[in-house]
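> Following this message is one structure expressed as structure tokens.
The values are calculated or read from the model by the stated rules, or taken from the named source; none is laboratory data. Values in this document were obtained by computation on a predicted structure and should not be read as measured data. All Cβ positions, glycine included, derive from the backbone under ideal geometry; neighbour counts span all protein chains shown. To get the accessible areas, we keep the full protein, side chains included, count just its heavy atoms, and leave off ligands, DNA and RNA. Shrake-Rupley method; radii C 1.70, N 1.55, O 1.52, S 1.80 Å.
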Amino acid sequence: MAKKTNKTRKKAAKKALPRKAANRKASVRSAVKARTHAKKRSKQTFTVSHHREEDFDQGLRTYAKYRDLGLAPATGGMVQAHVIRFIPPYRPEEVSTPHFHDVDLQMIYVLKGWYKTEFEGEGVHTFHAGSCWLQPPKIKHTVLGYSDDCELLEIVLPAEFETVTLNK
């Protein structure tokens, strides 16, 4: 009986796989590899941000205060992260303006309280402390409410982005 070599076994294993699946896996791997190596990223620096009440400033929204966590300068503008503290009470006339953000990635995590929003094509969602969501680029959304103690952690790529306000 002839002994199978490693080379023979590999050929037999390749033949056993459907061609489509093998090609799809290879193309996904090469696409991810190409994207990963396509962008030259800035060198990142070590940074620390400790909680201090005086670090909450007025930011993008008039109904919220922001605490910048220092990631934008540490990542050369690749990432922005901040804690958003909403100012009570919720006022629909001030807050409920449909808008979207021109970003590559936007992830939000509820630190305290609750937050209610409506996403185009996804409906109304209420998020409570411990909830997290990924907001796809340019998804239209409207803030529908928040608790008096609502605080969110928001991480956005890139650090500089545009918010587009839409007509109601």
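> In whole Å, what are the extents of region 30-168 along the principal axes defined by its C-alpha atoms, from largest to smallest?
45, 38, 27
> OK, next. Can you compute the FRET efficiency between His128 and Arg91 using 1/(1 + (r/R0)^6), with r the Cβ-Cβ distance and R0 = 25 Å? Round to the nearest 0.05.
For R0 = 25 Å, the calculated efficiency reads 0.70.
> Another question about this same structure. For Ser42, project a label point 7 Å along Cα to C-beta. Then give me every residue of region 127-168 with its amide nitrogen under 11 Å of that point.
159-160, by backbone N distance to the label point.
> Calculate the radius of gyration of the Cα atoms of region 92-168 to one decimal place, then report Dmax, the largest Cα-Cα distance, as a whole number, both in Å.
For region 92-168, the Cα-based Rg and Dmax read 12.1, 32 Å.
> Take Asp102 and His50, extend 7 Å from each Cα along the Cα→Cβ direction, and tell me the distance between the two endpoints in nm.
In this crude spin-label approximation the distance works out to 4.0 nm.
> Just to confirm, what accessible area per residue do you get for region 110-168 at 1.4 Å probe, in whole Å²?
Dividing the accessible area of region 110-168 by its residue count gives 55 Å².
> Still on this structure, I have one more. Expressed as a whole percentage, what fraction of the accessible surface of region 126-168 belongs to carbon and sulfur atoms when a 1.4 Å probe is rolled over the protein heavy atoms?
Accessible surface attributable to carbon and sulfur in region 126-168 totals 54 percent.
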